[in-house]
Structure formats: C-alpha cells, structure tokens
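S.K.: Sharing a structure here in structure tokens format.
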Amino acid sequence: MKLSRKLVASLLILANFIFLHYIVSSIPLRFDLTEENIYTLSDSTKSMLDKIEEPVTVDFYSSRSVEELPAWFKTFADRVEQMLEQYERASGGLVTLNVIDPKPDTEEEERAIAAGLHGQEIATGDRVFLGMVVAQGDTEKTHPFFNWNRENFLEYDISRTIYETQLLTKPRIGLITTLPLIAPPYPTMPGQPQQQEDQFFITQLESQFAFESIEPTATELPSDIDMLAIVHPKNLNEELQYAIDQFALTGKPIFLAVDPSSIQEKEQSRQMQMMGGQMNQDTSSDLPKLLDAWGIEYDRRKVLIEPNNSIAQANFVQPAWIVFQDEYTNRELLPSSELEGVLTLESAPLIHREDATTEWEPVLTTTDEAATVEGMMLQFQQGNALWENATSLERAVAVAGLLRGPAKTAFPGGPPSAEEQDSAEESEDAKQTDQLQEGSINVFVIGDTDWLLDRFSIQKVNFLGMQQIQKMNDNLGLAANFIEYLGGSRDLIGLRGKGDKDRSFDVVQAMEAEAQKAYQAKLEAVEAEIEEINSKLSQLVSEQTDTGVIYATPEMQEAIDEFKERQAAAKAERRLIRRDLRQGIETLGNVVGAINLLWAPIALALFGLYFFRSRKG
C-alpha cells in the first residue's frame, strides 16, 4: 500500500472514530456500574415522580462561564445537572429542566438573586451560583445552593424540594405528651404568673408543620393528622393505645420518646412535696404493648450509664448523662449524618428482639462498656457511686433508632372493648371491624424525653434587647431532622445517602506495605547501628568526665574518629533507604496511574492489530 493511501486510510479511521464517539455520546443510554448505584434514581424517587399530577419546572442555575472556575466545582455542577436530567427523563415529561448560566450583570443573575439563590464567592472574587428553583403552578420552592459536602444526599435534596413544591398545606402532627412542651393558655386573671412560652422544640417546627394537641386521656385520634409525636406517654388508656397501633400500621410515621427516669417530672414532684403534696415516685413512661409488638425490648425501670461518653467535668460526674458524638451517631442515615453531639439524660437502652419482623437501624449507640442501674437508685446515689450497683450489658446498645417494616397489631383480639367478651366473640368482632392486623410501620424511638427540653438543649441570650437562641448541643437538630424526615413524603423516607463508603485501593496498599516491610528491615538494622555508635561515643565521653579532666589519648581519638565515620556512613545509608522507599512507592503509584490511563488505548491498538492481521490472513 502506498504511503498516500495509508495516510488517507488513517485519516478515515480517525474520522470514523470521532463520528462514532459523537453518535454514542448522543444516545441517551447510561450504565451505572457503581455498587450503590449513585448515578441512578432510587425507587423511592421514581415513586414520588409517578405521583406528580401537574407539570413541574426546574430552573437550574449553574455558573459555567465564570473564568478560573475550580475543576472540582465544574465536576460537581455536572453531577447535579446529570442528576436533574434523570429526573426529567423519569418523570415522563412532567418535569422540565432549564439550565441557566447566570453571568455577571445579566438578567439571569438578577432573577437568581430575586428567587433567593445564594451566590458563593470563590478565591478569584467571582460570584458563582449553583442552585435551583422548582415551580408548579403558583407554588415555587428554592434550593439556594447545592453544597458539595452533601453530595451523598444530593438525590434527597432534589426530591425534597420537588415534593415540597406540591404541598398546598402544612402536614399536621398530633402531639400526645405529659410534659409541658406547649405553654398553657394565656392567663386572663390579674396576678397570675407571666405567660409561658412553648418549648423551642415546638417553635422551630411550627413553620413547617401544624401541631394539634391530643390529650393523653383521649380515646381516639383525629382523622386528619399525618404524623404522630408521642413524648413521655404515661398511663394511656387502652383505647388510645389501640388507635396508635392502627395509626402505625397504616404506615404513617410516629416520633416516640419514652423515659425510664424523667428529670423534669422528678423536679415537679419535689416542688409538690415541698408544698405539702405527695411525691410521685414513678417518673417513667412506657407503651409496653406497642413496643413489644414492634419488637423492641425496653425496661422502664432500667437507666443506662456509660463510662466513656458520660459527662465528667471538675467535681461533677454523671455517668447517666451521655453525649453521643462521631462514631456513636449513625452517619449513614440522612437525619443524623451531620449531628455533632446529642445529650441524653438518664436514658434507657433499646434492644431489638431477634425474632422481630421489623427492621431496626440504630441512631445513637453506646460503647460496649455500657451498664444499667435501677432508676430508683438515681434518687439516692449519684456520680461514680452508681457503678457499685451497675449491671454490665457487655455490648454496645442503642438509645435511639428507626423501626421500619412489617409488624403485627398489638391488639390481635380486636379493639379493647371487645377484649372483655369471651374469646369466640373477640375473634368474631375482630373480623367484623376494619381493624388492621398487620402493616408496615415507620417509627423513630428514643429512650429519653428530657433531651427535648429547652434547659438541656439551648440557652437564651439577651443581645441589645433582643432574645437570641444559642444551641448547647444537637438535641433539637436530632428532633427536627427526624420529624422532618418522617413527616415528609413516605417516598422520601426511603431515600438514603449514597456513595459514602471509603473505597481504598486494597491491592495498592498491600503492595506499599510489602515495600515498606522490605525496606523496614534494612532501616531498623541501620538505626540499631547508629544507636550503638552513639552509645559507645557517650560512654567514652562519660569515662573522661569521671576523671575530672577531659582529654583524649591518640588511641581514644582514633576510636572516636572511627565511630564518627561509621555514624556518618550509617546516616547516609539511612537516607538512601528512605529515599528508595519513597521512590518505590511513587513508582508504584505512577505505574498504577499509567495502567489506569493507558489500558483503553492499548486495548484498542491490540484489537486494531488483530483485526488488521486477520484481514490480511
């Protein structure tokens, strides 16, 4: 073949390659080969998109034209845009995506600012936008800025914004509590105490939810509530427990806080005793039937103590006050992924039974040195004295967690009114009623209630005549996150963080370890030689110091010189060993990088060679 024909053939092959690449990249076909399918919409998101009835418009503002935009920012912006494109494709035409580049001093930038998007200033001084505005009809929701630190929860952030756009009214939460979370009505009579305020736990959620107070003596639940919050349930009647059981089996979420030893109630009892009343000894709360049906072991008499994460400052030691940080908080679960410290006070361990049908995901977990004491003991002993009568659990236990999945009713014989009849009538009544015998539940459970109170979670500061709230820990963050998480769409509950696993290069690390081991033996030998030389030099000097006169004989000076030469040679050898070790690791990294980059073109060249030889043959 002539050279000109070869050249033409090469150009044609190159042109075909570029043309083929263009066609393939234009085909809307993607394969997600990641273990957690981080580039694929989850079934929960697809379910949410299937429920959209009216068209939704997503205006995605991404500052692409800003010069000196960091590479990592471009990569993350592409990741967000690709995710939004998946929403558009999966919606069947109900979601329309508009990608907008808000260049400086343009109408697009003014629209972004007017919509509430937060521009971030980068090192060059340029302002960049990376947010979206979701609109459905007259309703509009804004996600001000996609935070790259929340990349694992990108799908949740997008789905939640789209879901909230479709909400016409606030979700309603029914609140059952025997604690003073909601302030009593304003006094109308003069001379009465000053008006109290709702606990901040209630205040911070009122912008998103509508609370409806339900008396603990009620026998049924309002029919229009979307979620139930039960805090310190004491002596609830059977009818109300039955209503809660049926509510849970419908799949509607429940936020449940029980307590083996309520500090708030103990103090109220002391005040009543000082006023001549009778002290109430029982400060615990429980829902035994329901927790048993859901597969949770909870003992209202046992209080958890913990040596490693308990509060111990100066003269104050309280092993029953536990702070959960870092690895003791579930980082894989979205609502608890960013919590920095949650304080529980005289809480109870929650143990998921092995035969339970529900799934249990711990949120706050102790170390394996946790123990329990009788709740009554806290009235007589405090501090380290509690350990004298403690019972070790010999394992880590959860104080809070999420219960999900299939569960059976706690009232198999039917409503409580039917239980007074004989068994045959009970079964017949159960069949005749509309009672749910089983269902899938969504319940957040925690073995403490004091953690929700203002006095243990926030402090109010007066600044220039204005009251400001400063948080003392992440207690209210935990409450708000889980109520928001559970109170949203059931589809959103199923969303989890993706791609947060540490994927280390095990093979490469093993090779580095082998290289380190090979050099380490030489290095240790040289280090030992240097140490021996230093020791002998020190010994020679000390012998002269003991005589009171420091001088060196020619033989001794010769020995010192020899030792110094050996010391210099050993140090030089040590430098070489360290350099070789460093170069070996760098070479290994370069080889792995080269293989990663070149395997595709090498494979293509080999395939071309094979194809050429097969045709020639």
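The values are calculated or read from the model by the stated rules, or taken from the named source; none is laboratory data. In this text the structure is predicted, and so the values were computed from the model without any measurement. Using ideal geometry, Cβ is built from the backbone for each residue, glycine included, and neighbour counts are taken over all protein chains shown. For accessibility, only protein heavy atoms count, side chains too; no ligands or nucleic acids. Shrake-Rupley method; radii C 1.70, N 1.55, O 1.52, S 1.80 Å.
S.K.: Of everything in the stretch 93-107, what is surrounded by fewer than 16 Cβ atoms within 10 Å (Cβ to Cβ) and either touching a residue at least 60 places away in the same chain (Cβ under 8 Å) or over 16 Å from Q82 (Cβ atoms) (or both)? Give them in sequence order.
M.R.: Result: G93, T96, D101, K103, P104, D105, T106, E107.
S.K.: What's the number of the only condition in (1) basic (K, R); (2) assigned to a helix (DSSP H, G or I); (3) farther than 25 Å from G414 by Cβ that K289 fails to meet?
M.R.: Status for K289: all satisfied but (3).
S.K.: Looking only at the stretch 570-599, filter to residues that are modelled with pLDDT of 75 or more and of a type in the set (A, V, I, L, M, F, W, C); which one of those is most open to solvent (accessible area, probe 1.4 Å)?
M.R.: Per the criteria, the residue is W599.
S.K.: Continuing with this model, one more query. In the stretch 201-247, which residues are at positive phi and within 27 Å of the chain's Cα centre (by Cα)? Spell out how you get there, then give the answer.
M.R.: Taking the stretch 201-247 as the starting set, the residues that turn out to be at positive phi are 232, 235.
Result: H232, single match.
S.K.: A further question follows. Given the criterion of a type in the set (D, E) and at pLDDT 85 or above, identify the matching residue among E85, E121.
M.R.: Numbers: E121 fails: at pLDDT 85 or above.
It is E85.
S.K.: May I ask you to verify whether A356 is of a type outside the set (D, E), surrounded by fewer than 21 Cβ atoms within 10 Å (Cβ to Cβ), in contact (Cβ under 8 Å) with a residue 60 or more places away in the chain and under 11 Å from L304 (Cα atoms)? Lay out the reasoning, then the answer.
M.R.: Numbers: of a type outside the set (D, E): yes; surrounded by fewer than 21 Cβ atoms within 10 Å (Cβ to Cβ): yes; in contact (Cβ under 8 Å) with a residue 60 or more places away in the chain: yes; under 11 Å from L304 (Cα atoms): no.
Criteria not met by A356.
S.K.: What number of residues within the stretch 220-236 satisfy the criterion of being touching a residue at least 24 places away in the same chain (Cβ under 8 Å) and surrounded by fewer than 15 Cβ atoms within 10 Å (Cβ to Cβ)?
M.R.: Within the stretch 220-236, residues that are touching a residue at least 24 places away in the same chain (Cβ under 8 Å) and surrounded by fewer than 15 Cβ atoms within 10 Å (Cβ to Cβ) number 2.
S.K.: Out of all the residues in the stretch 189-222, which are modelled with pLDDT under 80 and more than 15 Å from F255 (Cβ to Cβ)? Before the answer, list the steps.
M.R.: The initial filter retains those residues of the stretch 189-222 that are modelled with pLDDT under 80, namely 189-196, 207-208.
Of everything in the stretch 189-222, those that are modelled with pLDDT under 80 and more than 15 Å from F255 (Cβ to Cβ) turn out to be M189, P190, G191, Q192, P193, Q194, Q195, Q196, S207.
S.K.: Can you work out which of the residues in the stretch 130-150 that are part of a loop (DSSP other than H, G, I, E, B) and not hydrophobic (A, V, I, L, M, F, W, C) is modelled with the highest pLDDT? Explain how you work it out, then say what you get.
M.R.: Taking the stretch 130-150 and keeping what is part of a loop (DSSP other than H, G, I, E, B), we get 137-138, 144-147.
Remaining after also requiring not hydrophobic (A, V, I, L, M, F, W, C): 137-138, 144, 147.
Values: G137: 85, D138: 83, P144: 90, N147: 83.
Filtering first and then ranking leaves P144.
S.K.: Kindly evaluate V317 against the criterion of being buried (at least 19 other Cβ atoms within 10 Å of the Cβ) and not basic (K, R). Quick ask: steps written out before the conclusion?
M.R.: Numbers: buried (at least 19 other Cβ atoms within 10 Å of the Cβ): no; not basic (K, R): yes.
Against the criterion (buried (at least 19 other Cβ atoms within 10 Å of the Cβ) and not basic (K, R)), V317 does not qualify.
S.K.: If you don't mind, there's one more thing I want to ask. Quick check: is even one residue across the stretch 265-276 at pLDDT 85 or above and either in a loop (DSSP other than H, G, I, E, B) or crowded, with 20+ Cβ neighbours inside 10 Å (or both)? If you could, list the steps in order and put the result at the bottom.
M.R.: Kept after step one, since they are at pLDDT 85 or above, are these residues of the stretch 265-276: 265-267.
With the extra rule that they be either in a loop (DSSP other than H, G, I, E, B) or crowded, with 20+ Cβ neighbours inside 10 Å (or both), the set shrinks to 265.
The answer is yes, given that some residue of the stretch 265-276 is at pLDDT 85 or above and either in a loop (DSSP other than H, G, I, E, B) or crowded, with 20+ Cβ neighbours inside 10 Å (or both).
This table checks each residue for (1) closer than 30 Å to P412 by Cβ; (2) modelled with pLDDT of 90 or more; (3) open to solvent by less than 10 Å² (accessible area, probe 1.4 Å).
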site: I305; (1), (2), (3): no, yes, yes
site: N308; (1), (2), (3): no, no, no
site: I311; (1), (2), (3): no, no, no
site: E327; (1), (2), (3): no, no, no
site: V342; (1), (2), (3): no, yes, yes
site: I351; (1), (2), (3): yes, yes, no
site: E361; (1), (2), (3): yes, yes, no
site: M376; (1), (2), (3): no, no, no
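S.K.: Taking the residues in the stretch 151-188 that are in a loop (DSSP other than H, G, I, E, B) and among the hydroxyl-bearing types (S, T, Y) as candidates, determine which candidate is modelled with the highest pLDDT. I'd like the intermediate steps shown before the answer.
M.R.: Here is the first cut: in the stretch 151-188, the ones in a loop (DSSP other than H, G, I, E, B) are 166-171, 178-188.
Then drop every residue that is not among the hydroxyl-bearing types (S, T, Y), which leaves 169, 178, 186, 188.
Values: T169: 81, T178: 92, Y186: 60, T188: 53.
That would be T178.
Conditions (1) open to solvent by 10 Å² or more (accessible area, probe 1.4 Å); (2) modelled with pLDDT of 65 or more, marked per residue:
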| site | (1), (2) |
| --- | --- |
| V445 | no, yes |
| D448 | no, yes |
| L452 | no, yes |
| K460 | yes, yes |
| A479 | no, yes |
| R503 | yes, no |
| D506 | yes, no |
| A515 | yes, no |
| E529 | yes, yes |
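S.K.: If I filter the stretch 35-50 for residues that are part of a loop (DSSP other than H, G, I, E, B), on the phi < 0 side of the Ramachandran plot, surrounded by 13 or more Cβ atoms within 10 Å (Cβ to Cβ) and at pLDDT 90 or above, do I get at least one hit?
M.R.: Looking through the stretch 35-50, none of the residues is part of a loop (DSSP other than H, G, I, E, B), on the phi < 0 side of the Ramachandran plot, surrounded by 13 or more Cβ atoms within 10 Å (Cβ to Cβ) and at pLDDT 90 or above.
S.K.: Is there a residue in the stretch 247-258 that is open to solvent by less than 70 Å² (accessible area, probe 1.4 Å), under 30 Å from R404 (Cα atoms) and modelled with pLDDT under 90? Quick ask: steps written out before the conclusion?
M.R.: Step one: of the stretch 247-258, the residues open to solvent by less than 70 Å² (accessible area, probe 1.4 Å) are 247-258.
Next, from what is left, pick out any that are under 30 Å from R404 (Cα atoms): 247-258.
If we keep only those that are modelled with pLDDT under 90 too, we end up with none.
Looking for residues that are open to solvent by less than 70 Å² (accessible area, probe 1.4 Å), under 30 Å from R404 (Cα atoms) and modelled with pLDDT under 90, one finds none in the stretch 247-258, hence no.
S.K.: Then there's this: Condition (residue is in contact (Cβ under 8 Å) with a residue 60 or more places away in the chain, of a type outside the set (S, T, Y), touching an Asp or Glu at 6+ places or on another chain (Cβ under 7 Å) and within 23 Å of S213 (Cα to Cα)) applied to the stretch 284-305: is it met by at least one residue?
M.R.: yes
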